[in-house]
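Heads up, the thing below is written out as structure tokens.
Computed from the coordinates by the stated procedures, all read-outs in this text should not be read as laboratory data. Note that the structure is predicted; figures quoted are calculated from it, not measured. Because the Cβ atoms are built from the backbone with ideal geometry, glycine has one as well, and the counts that use them run over all protein chains shown.
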Amino acid sequence: MTATGLDVLVHPAFLTGVECAALRAEMDRAPRLEGSVREAEDPGAESIDRTGRSASECEVSDGTHRLVGERICRVTPEVERYFDQDLGQYEAPHFVAYEPGDFYRPHRDLYRDVALPEPLVRRRLSMVVFLNDPSDRPDPGPDDLSHYEGGVLRLCSHEADEFESRSAWDVPAERGSVVVFRADTWHEVTPVTKGRRYTIVVMLLAPVR
């Protein structure tokens, strides 16, 4: 689909509802690390910056990584055709949980005017898998973690010099769906206001030349 001038692929059935529930439960049990950021000025180094990002990365099992890897391989041909892009590898998936107050400020996953180390220089596409739904109910209750409020993924053109909120597109976040977009696309995650937002984030890479 194309939204507000953006090339965006939304695949509605990357994971089943049962698989999403199992992944959420595993993420709840898993050890967590504070989510880091890469600054454009020093993209080779990761740092903790609570003014730029607040989220937790969950250390899930090898079996879960294999499951997600199999699904990535399954949709890769469709992704390559849609974006007319050869893909060779992917970075290790990040299993990310956002609690109330968590967010990610506007950023890109690839800055083309910055010298980048391997494998960041081969980033071509960003993939986000949604493991639960935003709530369509006034008050889902504090214990209902199958839904959340806030936490909107918003995309803005890669051609812009900075994130332009007025022209940004809110990605429809349906449980089990995946959205794929250019890695140099400006994007943000707005603060979660209720519940817990579960996602998987993957960087798709060009082949090694």
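Of the Cα atoms belonging to the chain, the radius of gyration and Dmax stand at 16.2, 52 Å. Using a Gaussian network model of the chain in which every pair of alpha carbons under 10 angstrom is joined by a spring, one finds that among 67, 131, 23 the greatest mean-square fluctuation is at 67. Normalised by residue number, the volume inside the convex hull of the Cα atoms of the stretch 145-209 is 102 Å³ per residue. Annotation: the residues 123, 81, sorted from fewest to most other C-beta atoms within 10 Å of their own C-beta, follow the order 81, 123.
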